[in-house]
Structures are given as C-alpha cells and as structure tokens.
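K.L.:
Shown below is the structure under consideration.
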Amino acid sequence: MLHLIATPIGDPKDISLRAIETLKAADVVIGEEFKVLSRLLKSWDITGKSLEQLNEHSDPEDVARLLELCRDKSVALVSDCGTPGFCDPGARLVRACRDENVAVTSLPGASSLMVLLSLLGRRADQFYFQGFLPAEKEARAKAMATLARRGEPFVVMDTPYRLPKIQKELASCFKGHIVCGVRLTQPDEQILDMRLEQFAKVELDKAEFIALVIPEKRGGTDQARRTSWGKSGKRSNRKS
C-alpha cells in the first residue's frame, strides 16, 4: 500500500500525528532527495527506515521497482515539502499504483496554496492554477502569453532561485495586483500584497514562494476585480 504523506512547507512542527504514526509504521519511505528525507525523518525522531528516492531524474524502471515495493509493503511517499503527487514527481508512482490496482491513500496536511488563500483577505472564488512555470525560455514565454490571454486571476509557483526573475517577468507581462507568500509558515514569512510594478522593485533573495496574480481587465483598470476580490492591500510582514 502507498501512503501519500503531506510534510510541512516551512515549520517542521506542522506535521500531523497521523502522519508521524504512519511514517513510523512504514516499511519503506520514499522522498525526492535522500539528504532532505533523512533530515525530515530525524526532526521527528524516526530512524532505521529503508529509504528510496523518486524525483524528476527517475526513469520508468525506477518507478516500476517502487511499484513492486508498494504491492507487498507499507510504503510512505513524501515530498521535500507539501503534498506529494501534486506538482511533483510522485504523481508517476501514484498513477502506476492506480493502474495496477495497488491501494493508495492520502494523509492531508500543510499546503502552500491553502495557506496563501487563507491569507489573501479576499474571497478567492475562482482562479486558474498555473503551478510551476516551465524553465525553458520559449516554453516559459508561451505559458506567460497563455495566462495573459486568459485574463483571469492565476496562481503561480517557481523554484526559489527564480523568485527575483519572476518579479520582473510578471511586471513586464501583466498589469494588476499580486499577493505573494514568501517563506510561508516560517518566522521570517512575508506577505507581499501590492501592485505588480511595486512588486518588481522589492528586493528579495531566493526563497520558497507562491503567488496569486490578479490581472487588470483589458483596456481598463483592475477596479472591477478589486470589487469582487476585496480591497487591495500593502506590503506586510507577519510572524508565524
């Protein structure tokens, strides 16, 4: 059986009792990187586990081997942070298990998307989830163009070291508002709630982030969107 276990997105104490119990009982624990996985388990005093790795570099043979483990053993799958199987390589193992009728269950927990939505101060009734932008230049530009054509609020993520880059990209491709959560749930968490042109000027180092962009309507301002999404805010720092 495969157990999908959500791990903290920042604060290591944001782990459920059920998750710890399942990790302790598991025969095998799969993570994206051995170093990160070992550190996570150590923080919860979990030792002596058989560890496996599944990431973007894993080939079909690796997935097939892990599938066989899931048939006969209690296997826990975790991401470096957040929920496995969602915007990460774990989805391939989940699909393989489901195709082969191997039981899969999910243990919910911390989610950067849910944390951001709860901190918006706006009703997030409808938005498009873009997730991680492509790294390749042409594909990235195409994704930005598609988002611009859609013209609706969207959630975007990227790797930490691209945060300074995406600040400028979003400001050059869109006009409107952004709410960006940086280092969510950590002591130095930041919520940046401002116009995109202001966001581009904020000095930020590489960090985990997730953002919701509210584009202006074509040929006008974003006043209509502000009406349905609430009042725009200013930059704020928040201790968790």
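The values are calculated or read from the model by the stated rules, or taken from the named source; none is laboratory data. Only a predicted model underlies this, so the values are computations on that prediction, with no experimental measurement involved. Positions of Cβ are generated from backbone atoms using ideal geometry, with glycine treated the same way; all protein chains shown enter the neighbour counts.
K.L.:
Within region 21-42, work out how many residues are surrounded by 13 or more Cβ atoms within 10 Å (Cβ to Cβ), more than 21 Å from the chain's Cα centre (by Cα) and closer than 21 Å to Ser111 by Cβ.
P.N.:
Count: 2.
K.L.:
If the requirement is being surrounded by fewer than 18 Cβ atoms within 10 Å (Cβ to Cβ) and of a type in the set (A, V, I, L, M, F, W, C), which of these qualifies: Leu170, Leu163, Leu119?
P.N.:
Residue meeting the stated conditions: Leu119.
K.L.:
Need the failing condition index for Ala139 against (1) surrounded by 18 or more Cβ atoms within 10 Å (Cβ to Cβ); (2) at pLDDT 95 or above, just the number.
P.N.:
The failed condition is (1).
K.L.:
Right, Arg162: under 29 Å from Ser16 (Cα atoms) and among the charged types (D, E, K, R) or not?
P.N.:
When the stated conditions are applied, Arg162 does not pass them.
K.L.:
Just give me the residues in region 181-213 being at pLDDT below 95 and among the hydrophobic types (A, V, I, L, M, F, W, C), in sequence order.
P.N.:
Across region 181-213, the qualifying residues are Leu204, Ala207.
K.L.:
Looking only at region 51-72, decide whether some residue is closer than 26 Å to Val179 by Cβ and either touching a residue at least 12 places away in the same chain (Cβ under 8 Å) or not hydroxyl-bearing (Ser, Thr, Tyr) (or both).
P.N.:
Scanning region 51-72 turns up no residue that is closer than 26 Å to Val179 by Cβ and either touching a residue at least 12 places away in the same chain (Cβ under 8 Å) or not hydroxyl-bearing (Ser, Thr, Tyr) (or both).
K.L.:
Still on this model: Return only the number of the condition from (1) in contact with a Lys or Arg (Cβ under 9 Å, 6 or more places away or on another chain); (2) modelled with pLDDT under 95 that Ser111 does not satisfy.
P.N.:
That leaves (1) as the condition not met.
K.L.:
A further question on this structure: Quick one: how many residues across region 185-222 are among the hydrophobic types (A, V, I, L, M, F, W, C), within 21 Å of the chain's Cα centre (by Cα) and assigned to a strand (DSSP E or B)?
P.N.:
Counting residues in region 185-222 that are among the hydrophobic types (A, V, I, L, M, F, W, C), within 21 Å of the chain's Cα centre (by Cα) and assigned to a strand (DSSP E or B) gives 8.
K.L.:
For region 90-110, which residues satisfy the criterion of being exposed (fewer than 13 other Cβ atoms within 10 Å of the Cβ) and among the basic types (Lys, Arg)?
P.N.:
Arg98
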